[in-house]
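**Student:** First the structure, which I've put down as structure tokens, then a few questions once you've had a look.
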Amino acid sequence: MGIDLIVTSSPSAIDFAILKDGKLTELHREEQSAKFNVGDIYLAKVSKLMPGLNAAFIDLQSKKHGFLHYHDLGPKVRSLLKYIKILRHQKPPKSFYRLKAMKMEPEIRKDGAIQQVLQQGQPILVQIVKEPISTKGPRLTSELSLAGRYLVLVPFSDRVFVSGKIENEAEKNRLKRLAESIKPQNFGLIVRTAAEGRKVAELYKDLEQLMARWEELSAKVAEAKKLPVKVLSEPGRIQALLRDILSDEFRSIIVDDINLYHEIVDTVREIYPGKEKIVKYYDEPYPVFEKYGIEKQIKTSFGKTVSLGKGAYLIIEHTEAMHVIDVNSGVSLTKESDQESTALDVNLKAAKEIARQLQLRDMGGIIIVDFIDMKKKENRDTLYRFLREEMKTDRAKHKILPPTKFGLIQITRQRVRPERKIQTTEPDPSGSGKAVDAPVNLLEKIDNDLKKVVRHTKGKIILAVHPFIAAYLTKGWLSWRWRKMWQHRRPLEIQPRHGFRYLEYKFYDKDGHEIDMSDL
């Protein structure tokens, strides 16, 4: 598998897309004006205690206060509060930041009350775990963590964990031993998946960089005069993404902004020395997202209906409480054996596309998938195992429940940012006031219907369309019409129809009889 990262910059945002073998799998946006980013750490004040919710609102000087639940305080929060007090009032030497001289406080009770731990107006360090979504402010935690390439540093802890995605037990044990041998006193470590196969020197270098960031954070806490203040910024979303997933599978990183290009080169050189040669500066007048076919894939991937090929498709609906995805075969078979095998084939294609759609749209919460019914339990088990395998590359926390006998599969997926919603329709040029599919979606539909017509008819095919569309389909020697005639080895006539709506089209056979697509 080859992975490409395409980055385009504008004054308001940076958009970046991940392509796997040319297919769009992830689409992200980093708003230049975004106030809160996942991973940022603030020194802020407790604004209000809410005993009924067992939570506190934290003043971050935004329209909506941050939300900190008791269970997100972390068991060592008393030690954290003590550390903040020492930094702000006693101004200890920088050597104190390494916590060796720090006496830890007892852990809080798991079933305790927020008012037993925090007081209104009290300074506290909090980290963003969810960006503001809809009417909700940012979700916070005071169990701080600093992520590196191979390790995650957890202050005021003493535990070592190894990523569950590392399946080899011998390797997990090796990494745990290495982490325990370099773990600083009063700090915990989480060994990331990227650490698999790495030597202790590489882990130690990563740890020292994280410790330097912790010391920088501590110095800002000690010097802070007015609260709230950001004491640690998570790297930009692109840099964080590269830190998390850059691997030998990456073929290229294409960037159309010269300043951003230099930043990414420096980032890649730091986390993956020698790999910076794959970073290329794109300096052409044609938009980079158009050049690599990303705009077309966006228009065809974010609509309510997503094609799976051969007539099968998904319908993706969003309700107030959950997402619902319906799988449709688009074909009808009479033989029971054909129905079962076709259902399995369509369901497997759907599972692959659903795994992509969840990452692409960054869908979160509860997702209910209505797969095509299958009578055989072994087929339902095959589908379940396949979907789990396809979602292994999804970095968001998720859980997949086995299918019910009705073919329903429930997925829960963590959401830390607002879901990507992209407009795939546009105003009808005819002035009807209605929204119509974007032209690129029209070509996709015409192409799919043409394949059906070719399979079920003989001789010349006539395609009637609006004159604007007809002009596009026949423009140039290597026109769309010419390419389709060559592809299907069939005569194809394009007929302009002034009475048609902008995106209306119909197929006719060689005798001029309209072809009913519902019969194909």
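**Student:** Using helices alone, what [θ] at 222 nm do you get for the chain, with -39,500 (n - 2.57) per DSSP H run of 4 or more residues, divided over all residues and rounded to the nearest 500? Walk me through the intermediate numbers first.
**Tutor:** Working: 12 runs with 161 residues, N = 520.
Using -39500 (n - 2.57) per qualifying helix, the result is -10000 deg cm²/dmol.
**Student:** If you don't mind, another one. Please name which of Val453, Gln120, Ser134 has its Cα lying farthest along the dipole of the chain towards the positive end, using unit charges on Cβ (Lys, Arg +1; Asp, Glu -1) and the Cα centre as origin.
**Tutor:** Gln120
**Student:** In debye, nearest 20: dipole of segment 41-232 around its Cα centre with unit charges on the Cβ of K, R (+) and D, E (-)? Spell out each step's value before the answer.
**Tutor:** Details: 36 positive and 19 negative charges, 103 e Å.
Here segment 41-232 has a charge dipole of around 500 debye.
**Student:** Which whole-number percent is the relative contact order of the chain (Cα, under 8 Å, 6+ apart)?
**Tutor:** After rounding, I find 12 percent.
**Student:** Mind pulling the angle between the C-alpha long axis of helix 200-223 and the longest principal axis of the chain? Nearest 10 degrees, somewhere in 0 to 90.
**Tutor:** 70 degrees
**Student:** Between Ser233 and His262, what is the FRET efficiency for a Förster distance of 25 Å, r being their Cβ-Cβ separation, to the nearest 0.05?
**Tutor:** Values: r = 19 Å, r/R0 = 0.76.
Once the sixth-power term is evaluated, E becomes 0.85.
**Student:** Now for a different question. Describe numerically, in nm with one decimal, the distance between label points set 7 Å from Cα along Cα→Cβ at Leu401 and at Phe468.
**Tutor:** In this crude spin-label approximation the distance works out to 4.7 nm.
**Student:** For the chain, the longest stretch holding no GluC sites (Glu not before Pro) located in a DSSP loop with at most 15 other Cβ atoms within 10 Å is which? Walk me through the numbers on the way to the answer.
**Tutor:** On the way: sites that count: Glu107, Glu167, Glu249, Glu320, Glu419, Glu504.
Excluding the exposed sites themselves, the longest stretch runs over 1-106.
**Student:** From the phi angles alone, apply the Karplus equation (6.51, -1.76, 1.60; θ = phi - 60°) to segment 460-473 and give each ³J(HN,Hα) in whole Hz, x where the residue is Gly or Pro.
**Tutor:** 5, 10, 10, 10, 9, 9, 4, x, 4, 5, 4, 4, 5, 5
**Student:** Can you find, among Gly74, Phe289, Ser233, the residue sitting farthest towards the positive end of the charge dipole of the chain, where Lys and Arg contribute +1 and Asp and Glu -1 at Cβ?
**Tutor:** Going by the charge dipole, the pick is Gly74.
**Student:** Shifting gears a bit: If you take every DSSP beta bridge whose two residues both sit in the chain, what share of them, in percent to the nearest 5, is antiparallel? Walk me through the intermediate numbers first.
**Tutor:** Numbers: 70 of 91 bridges.
Among the beta bridges of the chain, antiparallel pairing accounts for roughly 75 percent.
**Student:** Arrange Trp486, Trp477, Trp214 by Cβ neighbour counts within 10 Å, fewest through most, would you?
**Tutor:** Working: Trp486 11, Trp477 5, Trp214 19.
Ascending number of Cβ neighbours within 10 Å: Trp477, Trp486, Trp214.
**Student:** Need the full-extension length gain, Ala170 to Glu107, defined as separation in residues times 0.36 nm minus the C-alpha distance. One decimal, nm.
**Tutor:** 19.4 nm
**Student:** Angle check, please: helix 258-271 long axis (alpha carbons) against the longest principal axis of the chain (alpha carbons), in degrees 0 to 90, nearest 10.
**Tutor:** It is inclined by approximately 60 degrees.
**Student:** With θ set to phi - 60°, apply the Karplus curve 6.51 cos²θ - 1.76 cosθ + 1.60 along segment 74-91 and write out the HN-Hα couplings as whole Hz, x wherever there is a Gly or Pro.
**Tutor:** x, x, 9, 5, 5, 5, 4, 5, 5, 4, 4, 5, 5, 4, 7, 10, 9, 6
**Student:** Cross-link candidates for Lys376: which aspartates and glutamates have Cα within less than 12 Å, leaving aside residues fewer than 8 places away along the same chain?
**Tutor:** Result set, ordered by chain and number: Glu336, Glu340.
**Student:** Relative to the Cα centre, what is the charge dipole magnitude of segment 1-96, using +1 at the beta carbon of each Lys and Arg, -1 at the beta carbon of each Asp and Glu, and rounding to the nearest 20 debye?
**Tutor:** Approximately 920 debye in magnitude.
**Student:** I need to check one value: relative contact order of segment 221-364, counting alpha carbon pairs closer than 8 Å and at least 6 residues apart, in percent. Walk me through the numbers on the way to the answer.
**Tutor:** Details: 106 pairs, mean separation 18.0, N = 144.
This gives 13 percent for segment 221-364.
**Student:** Would you mind calculating the gained length between Ser163 and Arg415 on full extension (0.36 nm times residue separation, minus the Cα-Cα distance), in nm to one decimal?
**Tutor:** On the way: separation 252, 0.36 × 252 = 90.72 nm, distance 2.00 nm.
In short, 88.7 nm is gained.
**Student:** Along the Cα→Cβ direction, 7 angstrom out, place labels at Asp283 and Lys35. What is the inter-label distance in nm?
**Tutor:** In this crude spin-label approximation the distance works out to 4.0 nm.
**Student:** Neighbour counts of other C-beta atoms within 10 Å: give me Ile515, Ile462, Ile354 arranged from fewest to most. Don't jump to the answer; show the numbers that get you there.
**Tutor:** Numbers: Ile515 17, Ile462 20, Ile354 25.
Ascending number of Cβ neighbours within 10 Å: Ile515, Ile462, Ile354.
**Student:** How much length would be gained if the chain were fully extended between Asp338 and Ser181, taking 0.36 nm per residue of separation minus their Cα-Cα distance, in nm to one decimal?
**Tutor:** Extra length available between Asp338 and Ser181 comes to 50.6 nm.
**Student:** Determine the sum of side-chain charges near Lys275: Lys and Arg each +1, Asp and Glu each -1, restricted to other residues whose C-beta is under 13 angstrom from that of Lys275.
**Tutor:** Residues near Lys275 contribute +1 overall.
**Student:** Relative contact order (percent) for segment 87-170, with alpha-carbon contacts under 8 angstrom and 6 or more residues of separation?
**Tutor:** Worked out over segment 87-170, it gives 14 percent.
**Student:** Which of these values of Cα extents along the principal axes in Å was calculated from the structure shown: (i) 92, 55, 48; (ii) 84, 53, 41; (iii) 78, 67, 50?
**Tutor:** Comparing each candidate, only (i) matches the computed number.
**Student:** Nearest 10 degrees is fine. How inclined is helix 169-182 to the longest principal axis of the chain, computing both from alpha carbons?
**Tutor:** Approximately 40 degrees, to the nearest 10.
**Student:** Follow-up question, since we're still on this one. So if I place +1 on the C-beta of Lys and Arg and -1 on the C-beta of Asp and Glu, and nothing else carries charge, what would the dipole magnitude of the chain be about its Cα centre? I want it in debye, nearest 20.
**Tutor:** So the dipole magnitude of the chain works out to roughly 1360 debye.
No value in this document is a laboratory result; all are computed from the given coordinates. It should be emphasised that the depicted structure is a prediction, and the values quoted were computed from it without experimental measurement. Cβ sites come from the backbone with ideal geometry, for glycine too, and all protein chains shown count toward neighbours.
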